[in-house]
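Just so it is clear, none of the values below were taken in a lab; they were calculated from the coordinates. What you see is a predicted model, and the numbers here were worked out from it, not measured in a lab. Note that each Cβ is placed from the backbone with ideal geometry, even for glycine, and that neighbours are counted across all protein chains shown.
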Amino acid sequence: MCATAANLIEDVLPEVAHRPWVLTFPFPWRRRLAQDGALFGVLTRIFVESVERFYEERAARRGACGAVKSGAVTVVQRTSGDMRLNPHLHVVFLDGAYHEDGTELVWNELGHLRTREIGQVIEHAVGRMLRYLRRHGHLEIEHDVEEDDEPEAALCASAVSGREPPAGPQWLRGLSPSSPSALAYDKPLCAALDGFTLHAATRAGAHHAAAREALLRYVLRPPIAKERVEPQQDGLVRLSLKRAFADGTVAVDMDPLSLLCRLAASSCAAHLRSMSSSAQLARGG
């Protein structure tokens, strides 16, 4: 985590503002996306391209001419705060775009970001994802777990739901499909649509290298800090949450097998998946 963040700051990313765009997927999709790396990779690419398109169009409207390009580092996080399986994306974008002026690269700062623009990005990304899924016959992505499913599939289903300890017949319970929902804004620079959520309210400035590195360490963090795990006298393990849930829950108690199963299903903490070449180009690499 620390070494990768330091390398990105010192040797890869230019000294411009960084903004993470965090995308979560509908609950019933999570088991499939956790198992199907190829499909998850396609949806990741669609999302990154959607945000890049937004940056490039904003730069063009502000007078940038010629080829316009932003850059990003994409990190896949696989769990929620209570270790339930939740593959989601943290994409740290250069908060603006470059254009070529002769032999020089000229930086175009994004400027003020509006909440309605977050809504436009999520509408574009979700629309493209659904069109892709229809064309390739993936809309059965929400199927229930059947009794003849592979054990790994049942394990993932239980790790996603978190409703019972992942052992015995309860592994086989299906997940309720999500219902379409209208575009909604519950807080500034955040939007929700059809079970997706998009958050882009965090930003680290160009002149604050420490803040930019801290931001990268955060998105590269492992799934759980050991100080949040505490064995209890009754044999259960208490997992303290970093932030309380909406219902006031501040910790989750589970048996050791349940915790191990969630760790196994999560596979690993975070994967550095892609980086656009423009970020390296801006550093002269």
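Say each of A209 and V12 gets a label point 7 Å from the Cα, pointing the same way as Cα to Cβ; how far apart are those two points in nm?
Taking the two extended label points, one gets 1.7 nm.
Pull out a ≥ b ≥ c, the square roots of the eigenvalues of the alpha-carbon gyration tensor of segment 181-225, then state rounded if a/c is under 1.5, prolate if not and a/b is larger than b/c, and oblate in the remaining case.
Oblate, since a/c reaches 1.5 and b/c is not below a/b.
How fast does segment 14-149 diffuse by Stokes-Einstein, in µm²/s, taking the Kirkwood radius from C-alpha pairs at 20 °C and 1.002 mPa s?
Calculated translational D: 129 µm²/s.
Mind checking segment 195-246 for chymotrypsin sites (Phe, Trp or Tyr not before Pro) that DSSP puts in a loop (not H, G, I, E or B) and that have at most 13 other Cβ atoms within 10 Å?
F245
For segment 24-36, just list the computed ³J(HN,Hα) in residue order, Karplus coefficients 6.51, -1.76 and 1.60, θ = phi - 60°, integers in Hz, with x standing in for Gly and Pro.
Residue by residue, segment 24-36 yields 10, 9, x, 3, x, 7, 5, 4, 5, 5, 5, 9, 9 Hz.
Given the peptides 201-212, 71-82, 220-231, arrange them by the average over their residues of other C-beta atoms within 10 Å, most packed first.
71-82, 201-212, 220-231
Using θ = phi - 60° and the Karplus relation 6.51 cos²θ - 1.76 cosθ + 1.60, list the HN-Hα couplings for segment 234-251 in order, rounded to whole Hz, with x at every Gly or Pro.
Per residue, the Karplus-derived 3J(HN,Hα) values read 7, x, 7, 10, 9, 10, 6, 7, 5, 9, 5, 5, 4, 8, x, 4, 10, 7 Hz.
If you take all C-alpha pairs in segment 69-142, what percent of them are over 14 Å apart?
The calculated P(r) of segment 69-142 puts 77 percent of pairs beyond 14 Å.
Assuming R0 = 35 Å, what is the FRET efficiency of R134 and Y185, from their Cβ-Cβ distance, to the nearest 0.05?
The value I calculate is 0.85.
Step through the residues of segment 83-93 one at a time and calculate ³J(HN,Hα) from phi using the Karplus curve (6.51 cos²θ - 1.76 cosθ + 1.60, θ = phi - 60°), rounding each to whole Hz and writing x for Gly and Pro.
6, 5, 5, 8, x, 8, 10, 10, 10, 8, 9
Could I have the simple spin-label model distance between E57 and A246, label points 7 Å from Cα toward Cβ, reported in nm to one decimal?
My value for the distance between the label points is 2.9 nm.
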